[in-house]
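**Student:** I am attaching a structure below and will ask some questions about it afterwards.
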Amino acid sequence: QMVFRETGWVEKFVEIDVNGSFRLCEKTAENDGKKLLPTLLVPPKLGDHLEVSPEQKEFMQRIIKIIRKQSGSALFLDYGFKHLVAGDTLQSVKNHAFCNMLEHPGEVDITTHVNFAMITAYIMEENMTVHGPVSQGDFLSRLGIEVRADQLTRIANRSQSEEIKQALKRLTGQDTKAGEMGALFKAIAFSHDPSINLAGFS
């Protein structure tokens, strides 16, 4: 995580305080992080956060290398945002509830929202064809999830039909606060061949 201060971009670190507990601190940004900072169309404001990941770029480059060697396509689905925006999305979850990640080291899932704009940039840098990103709801609808749900409902009992209905709503619905994943989750893919038209993206 990079934070814009009066002196420029600084990086967040975890350190041990005088009581032996973990706490967040800020130090001068290291070069690996600075190199990944994207060019912003709007100048950053004091306190703006940007989240970058050298590991994410390295992972994408490994997948791209495999696709370039073997041909084909790669598909990714995760929660995140399509456009480059500043924001603090770092969060931790334990037992299906949000918690302070520093209070339970090694016992919580720590995540951030995926920046699909950066993923797109990595793919285009390698001259691969990008498909998406599109919302998960749109992606699944284009693949025919409603038709499949209707087919399953016709041979299901009342209880099963209700489960199918709720599952469809959760996967494609737009109400993030209600736990629906259709808008928050995105799908993106890339291909070695620009003539490939992947289902779900158009």
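**Student:** Is it fair to say SER92 is touching a helix residue (DSSP H, G or I) at 6+ places or on another chain (Cβ under 9 Å), of a type in the set (S, T, N, Q) and surrounded by 14 or more Cβ atoms within 10 Å (Cβ to Cβ)? Working first, answer last.
**Tutor:** Details: touching a helix residue (DSSP H, G or I) at 6+ places or on another chain (Cβ under 9 Å): no; of a type in the set (S, T, N, Q): yes; surrounded by 14 or more Cβ atoms within 10 Å (Cβ to Cβ): yes.
Answer is no for this residue.
**Student:** When residues of region 112-129 are filtered for being open to solvent by 40 Å² or more (accessible area, probe 1.4 Å), within 18 Å of the chain's Cα centre (by Cα) and touching a residue at least 12 places away in the same chain (Cβ under 8 Å), how many remain?
**Tutor:** Of region 112-129, the ones open to solvent by 40 Å² or more (accessible area, probe 1.4 Å) are 112-113, 121, 124-127.
Then drop every residue that is not within 18 Å of the chain's Cα centre (by Cα), which leaves 112-113, 121, 124.
Then drop every residue that is not touching a residue at least 12 places away in the same chain (Cβ under 8 Å), which leaves 112-113, 121.
So the answer is 3.
**Student:** For the subset of region 62-106 comprising residues that are charged (D, E, K, R) and within 22 Å of GLY137 (Cβ to Cβ), which member is modelled with the lowest pLDDT? Working first, answer last.
**Tutor:** Here is the first cut: in region 62-106, the residues charged (D, E, K, R) are 62, 65, 68-69, 78, 82, 88, 94, 103.
Next cut, within 22 Å of GLY137 (Cβ to Cβ) only: 78, 82.
Values: ASP78: 95, LYS82: 85.
Per the criteria, the residue is LYS82.
**Student:** Please go through region 7-55 and give me each residue that is of a type in the set (A, V, I, L, M, F, W, C), without any contact (Cβ under 8 Å) to a residue 40 or more places away in the chain, open to solvent by 40 Å² or more (accessible area, probe 1.4 Å) and farther than 20 Å from MET118 by Cβ, ordered by number.
**Tutor:** The answer is PHE13, ILE16, VAL18.
**Student:** Okay, moving on. Residues of region 1-39 being outside any strand (DSSP E or B) and of a type in the set (Asp, Glu), which ones?
**Tutor:** Listed by number, the residues that qualify are GLU6, ASP17, GLU30, ASP32.
**Student:** Kindly check whether there is at least one residue in region 131-143 that is touching a residue at least 12 places away in the same chain (Cβ under 8 Å) and assigned to a loop (DSSP other than H, G, I, E, B).
**Tutor:** For region 131-143, residues touching a residue at least 12 places away in the same chain (Cβ under 8 Å) and assigned to a loop (DSSP other than H, G, I, E, B): present.
**Student:** Out of region 152-202, which residues are of a type in the set (Ser, Thr, Tyr) and either at pLDDT below 95 or closer than 27 Å to PHE81 by Cα (or both)?
**Tutor:** THR172, THR176, SER191, SER195, SER202
**Student:** Name the residues in region 167-188 that are among the basic types (Lys, Arg) and part of a strand (DSSP E or B), would you?
**Tutor:** LYS186
**Student:** Select from region 144-166 the residues that are open to solvent by less than 60 Å² (accessible area, probe 1.4 Å) and assigned to a helix (DSSP H, G or I) and list them in ascending order. First the steps, then the outcome.
**Tutor:** So the first thing to find is which residues in region 144-166 are open to solvent by less than 60 Å² (accessible area, probe 1.4 Å), and the list is 144-145, 149, 153, 156, 161, 164.
Selection gives ILE145, ALA149, THR153, SER161, ILE164.
**Student:** Still on this model: So which of GLY80, GLY87, GLY106 ends up being open to solvent by 80 Å² or more (accessible area, probe 1.4 Å) and among the small types (Gly, Ala, Ser)?
**Tutor:** GLY106
**Student:** Restricting to region 94-122, and then to whatever is touching a Lys or Arg at 6+ places or on another chain (Cβ under 7 Å) and of a type outside the set (D, E, K, R), can you tell me which residue is farthest from LEU50 (Cα to Cα)?
**Tutor:** Filtering region 94-122 for residues that are touching a Lys or Arg at 6+ places or on another chain (Cβ under 7 Å) and of a type outside the set (D, E, K, R), the one farthest from LEU50 (Cα to Cα) comes out as HIS104.
**Student:** Moving on. Please count how many residues of region 1-32 are under 23 Å from the mean Cα position of the chain (by Cα) and among the acidic types (Asp, Glu).
**Tutor:** Number of matching residues: 2.
**Student:** From the residues in region 176-202 that are charged (D, E, K, R) and surrounded by 13 or more Cβ atoms within 10 Å (Cβ to Cβ), which one is nearest to the chain's Cα centre (by Cα)?
**Tutor:** Selected residue: LYS186.
The values are calculated or read from the model by the stated rules, or taken from the named source; none is laboratory data. Note that this is a predicted model, so its numbers are computed, not measured. Note that we place each Cβ from the backbone using ideal geometry, even for glycine, and neighbour counts take in every protein chain shown. Only protein heavy atoms, including side chains, enter the accessible area calculation; ligands, DNA and RNA are left aside. Shrake-Rupley method; radii C 1.70, N 1.55, O 1.52, S 1.80 Å.
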